[in-house]
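Let me begin by presenting the structure, written as structure tokens, before commenting on it.
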Amino acid sequence: MKNKSIWSSENKQTRKMNQVSCEESDIVIIGGGITGVTLSYLLKDSNKKVILVDQGIIGNNVTSRSTAKISFIQRDIYQKLEKTLGYDTAKKYYESQVLAIDIIKGIIDDNRIKCDLEKSNSYLFTTLKSKENTIKKEKELLTSFGRECIETDQLPIDFSCIKAFYTEGNYTFHPVKYLNGIIDLVKDNINVVENLLVEEIRPEKSRYLLKTSEGIIKAKQVVVANQYPFFIKPGFIPFKNYIQREYVNAAKYKKELHFNAINVEKELHSIRFYKDYIIYVSNNHRVTNQLDTKDNYQKSRDDFYRLFKLNPDYNWLNQDLMTNDHLPIIGEVKKNLYIATGYNAWGMTNGILGAKIINDLLLKRSNSFSELVNPNRVSIVGITNSIIDSLSYIKSYIEAPFHNHHIYIEEESGIKYNVYIDKKGKKHRVKRKCPHLKCNLIFNEEELTWDCPCHGSRFDLDGNLLEGPSKKNIQ
Ligand code: FES
């Protein structure tokens, strides 16, 4: 079994990237996931001088851990939005997702990108009698938006289902093949730079100076398309979001199927197929609610076996930035500084939406969805959740589970260190505090990483940064 995603396991791409230039650029995009890469595509003929920077290898980051459903069926999102922000907001969000699906399909078709895009009916279902009305309500809303929904009481596989419906107009694909296909299309127009960490964004007169591990880049406009924009101070995004984890298992299935499904109850069951693989996501939780990851991986594998009689070929962890009002956060946060994040586990559609909105903002075009997802919106919807989150963060400042003899804490000169002794007896020691905002790091025994429960930074065994918002290795 591999502890990595099925998509990045298949990432055979090797490419020589351009070097950073110290000349002034028009636009720097930080983050080579679906948003940043699609935005580069949209900008490639704009006559702007664009640099796309990724701190690692494109295709090995957040997008590669997604299930890569391109779907507007997103659990009970429309009734949540209707209840809290009104019918018109729910409808507008639906329209934004349909637009995103049209855009990505258009890009893939127009350029014949070989990324295994296929039509996939999306099922919304429940395993509980008590949730029948939630299915009914979601179907009514979608029908009122003009979408045909076909009612059923079973899924196309043997899986518990009390009530369901499905819709057409949704897709699945291979996200890493898509990213690599786009990079091939843009590389003559856009300077694509991998393995470059942007450590600081500093305003200077009418432009920004980006301090990187290789020197300074100058830019008139900057787009931060990382999952958690590192420069955001506590009090802004942290009070609008939390990090959710889910566990993904994939194994060869007895036949090839072409649908995807997700349930409405709190305990997640998400299913899709890729060639002859079944991909199943379960065991979702706030990171701060369950600091110990080991049991969660095991539980996800046990569930996978219990439900499908399969042992996984791939088992990986996915992290999503969830917003308290259920809408993504996309737009300008300071003059000429843009972010796109908070995709609520729907990174493929919202990632494309983010690219489209930011492209329009950069080029001073209007976009009818930009107000819906404006990062500066104030909503009372999230206030209670924000208070709960703040309490959870406090817990992770004081707690971190270490429960066996090869993972422990030691102290030297008043500084606490986390220690892991690997299978060969080698000692890996890192400071206990996350370089971002000093939460206690926890150990991920499955993927052998130090993970931060507060905002999702991850580091390898020796403290090298794998995923932000931290912009530094553990010192
Ligand atoms: Fe923010 Fe660790 S404290 S990611």
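The values are calculated or read from the model by the stated rules, or taken from the named source; none is laboratory data. Remember, predicted model here, so these are calculated numbers, not experimental data. When we count neighbours, we look across all protein chains shown, and the Cβ atoms used for this are built from the backbone with ideal geometry, even at glycine. Heads up: the accessible areas ignore ligands, DNA and RNA and are worked out on the full protein's heavy atoms, side chains in. Shrake-Rupley method; radii C 1.70, N 1.55, O 1.52, S 1.80 Å.
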For the range 97-115, check the following and say yes or no: at least one residue is under 28 Å from F308 (Cβ atoms) and open to solvent by 20 Å² or more (accessible area, probe 1.4 Å).
no
Would you say V28 is among the hydrophobic types (A, V, I, L, M, F, W, C) and modelled with pLDDT under 90? no
When you look at L268, is it at pLDDT 95 or above, open to solvent by 10 Å² or more (accessible area, probe 1.4 Å) and closer than 13 Å to R245 by Cα, yes or no? yes
Picked from the range 417-438 (must be within 16 Å of the ligand (Cβ to nearest atom) and among the basic types (K, R)), the residue most open to solvent (accessible area, probe 1.4 Å) is K438
Please indicate, with yes or no, whether at least one residue in the range 97-109 is part of a loop (DSSP other than H, G, I, E, B) and out of contact with any Cys (no Cβ under 9 Å at 6 or more places or on another chain). no
Scanning the range 322-345 for residues that are touching a strand residue (DSSP E or B) at 6+ places or on another chain (Cβ under 6 Å) and in a loop (DSSP other than H, G, I, E, B), the one farthest from N241 (Cα to Cα) turns out to be N336
Within the range 282-325, residues being in contact with an Asp or Glu (Cβ under 9 Å, 6 or more places away or on another chain), open to solvent by less than 10 Å² (accessible area, probe 1.4 Å) and among the aliphatic types (A, V, I, L, M) number 2
Within the range 452-475, the count of residues that are more than 9 Å from the ligand (Cβ to nearest atom) and over 19 Å from G31 (Cβ atoms) comes to 6
### Query
Is there a residue being surrounded by 18 or more Cβ atoms within 10 Å (Cβ to Cβ) and assigned to a loop (DSSP other than H, G, I, E, B) anywhere in the range 118-136?
yes
